[in-house]
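Shown next, in C-alpha cells, is the structure this report addresses.
The values are calculated or read from the model by the stated rules, or taken from the named source; none is laboratory data. Remember, it's a predicted structure, so these values are computed and weren't measured experimentally. Note that we place each Cβ from the backbone using ideal geometry, even for glycine, and neighbour counts take in every protein chain shown. To get the accessible areas, we keep the full protein, side chains included, count just its heavy atoms, and leave off ligands, DNA and RNA. Shrake-Rupley method; radii C 1.70, N 1.55, O 1.52, S 1.80 Å.
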Amino acid sequence: MTISWFGNSSRTFGRGVHPPEHKEQTAGLPIRRLPFPPLLIVPLSQHTGAPAVPIVRERQEVVRGEPIARAGGFVSVPMHAPATGVIDRIAPAPSVKGDLALAIFLKPYPSASQEILYGAPRDIEKMSPDELIQAVQDTGVVGLGGAAFPTHVKLKPPEGRRIDAVIVNGCECEPYLTTDHRVMAEQPAEVIHGARIVMKALGAERTIIGVEDNKPDAIAALERAVQGFDAITVQRVQARYPQGAEKILIQVLLDRQVPSGGLPADVGAAVFNVATLAQLGELLPRRQGLIERVVTITGPGVDKPGNYMAALGTPLRWALEQAAIRHDASSVILGGPMMGPAVASLDVPLTKGVTGVLVFSREDKQASRVYPCIRCAACVAACPLHLNPSRLGLLALKERYEEMELDFHLKDCFECGCCSYVCPSRIPLVQYFRLAKQVNRERKGKTDAGRGA
Amino acid sequence: MPAAAPEVELRSSPHLHTRRSVAMIMRHVIYALLPVAAAAVWFFGISALASLVTAVGVCVATENFLSRLAGRGSTVGDGSVVITGILLALTLPPGFPLWMTAVGAFVSVALGKMLFGGLGANAFNPALVGRAFLQAAFPSAITAYTPVLARNRFSEFIPATLTPPFLQPPPLDRWIAQARVDAFSGATPLMQWKFDGAATDPFALGLGAVAGSAGETSAVLIALCGCYLLVRKMADWRIPAAMLGSAALASLAFHAMNPARYPDALFTLLSGGLMLGAFFMATDMVASPVTPRGVWIYGSLMGLITVLIRNLGGLPEGVMYAILLGNAASPIIDSVTQPRVYGHGGRK
Ligand code: SF4
Ligand code: SF4
C-alpha cells in the first residue's frame, strides 16, 4: 500500500487528522515585544540533557546577552542573561513538569536601555564544521519547535552516518499556533541563513523547507529569500496534523522512513524547526546567545491574543496578564492543543521550548461520556505510524501492557493524539498509552535491577 | 504579583476533540433507516408498522432491563439498540407474528449483545443473531410471505401478525385472495428463481414492488439511504463496495457457466436482503475488522458466501449466514492484516 502520495503542488501523508485550525485569530498579527517583567526566572534546564551550570553570583550585575550559565556537558547548552539587571538569587523554582528545578532569578533594571551590547561579528564562511558546532552550542540554541533538544548535537551525527538532506520544518501543524508562521513571514532571510549554517556544519548537499499550504504568505516570503541559493528549496505541503513530526516530515519530503527506535540520521536526514534556524541565523554571526523567543498566546481564554516576543524566563502569569487573560479561563496549555501539556501552576516561566500558550475558558469544556470501543476504526485510519490504537486501547483496559509493547509496537507511539482526537467513544487512548509505557518502563527497571543485584 | 489567578484545571492532551460521537453515529444510522422503514410500511401496511414498533420496543426494553440488572445503568441512550430493533423488523416477513418478533427482539439483544457485554463487545450483528434464532425456531412462519401493495394493507392486519402467543399463524390464502386480484404465488423473487426458475422484472426488483421481507425489497431506496451514510462517513464505504462487488463478480461467473440455472449479476444485487445487508448490517462497526486491508477481505468474503449459498445451497437466501460468518471471521482477518507500522522495514 502507498502511504504517501504526491499531488501536483502539495504533498502530504495518508493518515493523520485535520482539526479546525483556529489560526485566524493570530496568523496576521505581527510579532510584538512583551515588556520585561519585574522578575525573570531562568531555569537551568530548559533543554533536553544536562542542566547548565551557573557562572554568576547573587547580587552580580549582568548585561543583556551575557552568558550566565555554561553548558553542563556536550548534550547541554549555556544560558544568557535575558535582560540587563541584577542576579537576585539562584534557587529552586516550579517547573512545567510540576516539580522544582534550579533557576537563576534576575531582576531587570527598569531604566536600562536593554540594548544588546554583548557579542562580536564573525564570518561563518571561514569557519570549519567543528568550529561551527561549537559556535552553535555557544548560542544556547535548542529546538524551538517544542522539543528543546540542543541543536549542535544534531549537527554531530553518530559515527558512520552521513547527512545528505537538511529538512526544515515550517509546517506548524498544531492548531492555534502561529509562531513559526510569523517567523517565516517576518524573518525569512534569517531562516535561510540558519539553514546555510547547519548545511555547512553537516556537509549536507541540500535543504528542503516544508511549509503547509495554509501559510501562503510565509511560502512567498521564503521563496523570495531563497533566490540565489540553489541547494535550498521550499516545498509546499498540504495542511495535515501531525505533518510537523520529524518522522512524518521525513517521509513526506524525502520518501524515507526512520527505522523504529532510530534517528533521522539513520536515513541521512536532520530536521530543524524554522524558528530554531531563524535564531541561529541571527545570533551566530554576531556571537550572541538566545535570550528571547516568539510565543503565540491565544485561545478563547485571552482577550488580546497575539504573537509575542518574550524574554526567556518571563513568568507565565505575567505574560498572560499582558494578553488580557479572562476571568473564566479554565486551563492553560503550553504548546499546541494536540500535544501540549496543561500547566499545574501559572508561576512557571516561559522557556526555550514553549511555542505557544493556549488558554481555554470554562465554556469550551464539553462534558463527554466515555463509551466502550465500537471498533469504528477511525483511530486506525488516523494513526500516522500505522499502529492499531483500537487494539492497544482494548489491551490497556485489560492491563496487558507487555503485549501492547511486544505485539503492537506501543513504544513507537509518539503520543501525537490523533487517535484520541477522532475516537467517537471519547476513549482517552493517549492517556492509556502513556500509563502503559510508564508501567512497562518501571517493570523493566525492576527486572534490570534484579539482574544487577 | 497582581490578581487574575484563574484556577487552572489539569487535562491530558489532546485538548481538542472531533464532534463525532457514538450517539451521533447511531443517530445518523437511524435517520438513514427511517426512509427504508417508511417504505416497508408503504409496501406492506400496518402489519409492517406493528412489527417495527414491537421489535424496537422489545429491544429497547430488554437492553434497558439487562443493563440496569448488570449494575451499569441504562445504556440505551447511545441509540445502538434502536438500530437493532429496526433492522430485525426489516428482515422479517411483513406478516410475521408479533409475538415471534418480540421473541426475536429479546434474543437479539439478550443473546446477541448483552451476553457479550453490551455495546462494542458483541461478536455478531445482534439483529442477525435474533433473525437466525427465529429462522431456526419458526421455519415456516419466517417463509410465509404476503403480496406487496395489498389493497387492504392499511385497513387490516395481515392475519398472521396477530397470532396469539405460542400459537402458529393461520394460513394466509384467504387474506391474500381478497388482497389482490393478480395471482400471487406466496414466493419472493429469490424463491421463484430457485424453485420455479422464474425471473422477476429488474425494474420491479429495484423499486421494491415485490414480495419479500418487510424492509428488504426496495434495493434502490436502500442503496440511496446507505450512500447517505457513506457520504457522511458514518459507515465504511469499503464494506458495501467489497460485498456488492464480489457478489456481482461471483454471480457473473456462475451466470456465464449456466445462464438457465444461475441468475445474472443484476438480479443477484437487487434481490433478497443483499442491499440491506451490505449497507446496514455488514457495516456494523463492532463486528467488522478495523484494518484497512481486513475490511476489503471481510466484505468480499461475505459477498462470495452469499452467492455460494444462493446458488449452491438449499436455501434461496444466504445474506444472513454470510454476514454472520463474516462477523465470525473478523477477529482472524484483523490479526492477519495488521497494518505495517512505520519504521518497521516497510520501505527505506
Ligand atoms: S498517539 Fe500514538 S497511537 Fe495514537 S495516533 Fe498518535 S502515534 Fe498513533
Ligand atoms: S476510534 Fe475509539 S471507538 Fe473507534 S476503534 Fe478506535 S478506540 Fe475504538
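What you get for chain B, charging only the Cβ of Lys and Arg (+1) and of Asp and Glu (-1), is a dipole of about 720 debye around the Cα centre.
Highest mobility in the GNM of chain B, judged by mean-square fluctuation with C-alpha springs under 10 Å and restricted to B:Val103, B:Val60, B:Val210, is found for B:Val103.
Computed from backbone phi with θ = phi - 60° and the Karplus coefficients 6.51, -1.76 and 1.60, the 3J(HN,Hα) list for segment B:245-253 is x, 6, 5, 5, 4, 5, 6, 4, 5 Hz; x is used for glycine and proline. Probing with 1.4 Å while keeping every protein chain in the model, the per residue accessible area of the protein assembly as shown equals 40 Å². Peptides B:23-32, A:316-325 ranked from most to least packed give A:316-325, B:23-32, packing being the mean of other C-beta atoms within 10 angstrom over each peptide's residues. Other residues whose C-beta falls under 15 angstrom from the C-beta of B:Ala89 contribute a net charge of 0, scoring Lys and Arg +1 and Asp and Glu -1.
Beta-bridge orientation, segment A:124-286: approximately 5 percent antiparallel, per DSSP, counting only bridges with both partners inside. By DSSP, the beta bridges lying fully in the protein assembly as shown are antiparallel in about 60 percent of cases. A straight line joining the Cα centroids of segment A:252-306 and segment A:132-159 runs 11 Å. In this structure, A:Val370 and A:Asp123 have a Cβ-Cβ separation that, at R0 = 51 Å, corresponds to a calculated FRET efficiency of about 0.25. Put simply, the amide H of A:Thr296, placed in the peptide plane, has neighbours under 5 Å in A:Thr178, A:Thr179, A:Tyr308, A:Gly356, A:Val357, leaving out anything fewer than 5 places away on its chain. Would you mind counting up the charge near B:Ser213? Only other residues with Cβ under 10 Å from its Cβ, with Lys and Arg at +1 and Asp and Glu at -1. Neighbourhood net charge equals -1.
Proximity of backbone amide H atoms, modeled 1.01 Å from N, is registered between A:Ile104 and A:Val42, A:Leu44 at under 5 Å, excluding neighbours fewer than 5 places apart on the same chain. Cα centroids of segment B:27-53 and segment A:398-451: 45 Å apart. When only the Cβ of Lys, Arg, Asp and Glu is charged (+1, +1, -1, -1), the dipole of the protein assembly as shown relative to its Cα centre reaches about 720 debye. Ordering B:317-327, B:261-271 by mean Cβ neighbour count within 10 Å, with the highest value first, yields B:317-327, B:261-271.
If you run the Gaussian network model on chain B, springs between alpha carbon atoms under 10 Å, then out of B:Ala214, B:Ala70, B:Ala48 the most flexible one is B:Ala70.
Projecting the Cα atoms of A:Ala378, A:Tyr401, A:Cys416 onto the dipole axis of segment A:378-452, where Lys and Arg carry +1 and Asp and Glu carry -1 at the beta carbon, places A:Tyr401 farthest toward the positive end. Farthest toward the positive end of the dipole of chain A, out of A:Gly203, A:Gln438, A:Gly98, is the Cα of A:Gln438, where the dipole comes from beta carbon charges about the Cα centre.
Entry note, chain A: relative contact order of 18 percent, from Cα contacts under 8 Å with a spacing of 6+ residues. Computed from backbone phi, the HN-Hα couplings of segment A:205-221 come to 8, 8, 10, 10, 9, x, 10, 6, 6, 8, 10, x, 5, 5, 4, 4, 4 Hz, rounded to whole numbers (Karplus: 6.51 cos²θ - 1.76 cosθ + 1.60, θ = phi - 60°; Gly and Pro given as x).
Within chain A, DSSP assigns beta bridges of which about 60% are antiparallel (rounded to the nearest 5).
Per-residue ellipticity at 222 nm computed for the protein assembly as shown from its helices equals -11500 deg cm²/dmol, with DSSP H segments shorter than 4 residues left out and the rest contributing -39,500 (n - 2.57). Here's the picture: charge each Lys and Arg Cβ at +1 and each Asp and Glu Cβ at -1 in chain B, and of B:Thr84, B:Gly104, B:Gly206 the one pushed furthest to the positive end of that dipole is B:Thr84.
Residue by residue along B:17-28, Cβ atoms of other protein chains within 10 Å of the local Cβ number 5 on average. Taking B:Ala223, B:Ala278, B:Ala121 as the candidate residues, the one with maximal mean-square fluctuation in a Gaussian network model of chain B, Cα springs under 10 Å, is B:Ala121. What percent do you get for the relative contact order of chain B when only Cα pairs under 8 Å and 6+ apart count? Taking the mean separation of contacting Cα pairs over the length of chain B, I get 16 percent.
The spacing between segment B:192-253 and segment A:204-244, judged by their C-alpha centroids, is 50 Å. Where does helix B:319-336 land angle-wise versus the long Cα axis of chain B, in degrees 0 to 90, nearest 10? For B:319-336 against chain B, the angle is about 30 degrees.
Its Cα centre serving as origin, segment A:174-262 has a Cβ charge dipole (Lys and Arg +1, Asp and Glu -1) of approximately 180 debye. Share of carbon and sulfur in the accessible area of segment A:378-452 stands at 55%, probe radius 1.4 Å. Put simply, the amide H of B:Val148, placed in the peptide plane, has neighbours under 5 Å in B:Ala211, leaving out anything fewer than 5 places away on its chain.
For segment B:304-313, backbone phi angles converted through the Karplus equation (6.51, -1.76, 1.60; θ = phi - 60°) give residue-by-residue couplings of 5, 4, 3, 5, 4, 5, 4, 8, 10, x Hz, Gly and Pro being listed as x.
Cross-link check: pairs A:Lys154/A:Lys444; A:Lys23/A:Lys200; A:Lys156/A:Lys444; A:Lys97/A:Lys411 evaluated at a Cα-Cα cut-off of 25 Å; pairs beyond the cut-off: A:Lys154/A:Lys444; A:Lys23/A:Lys200; A:Lys156/A:Lys444.
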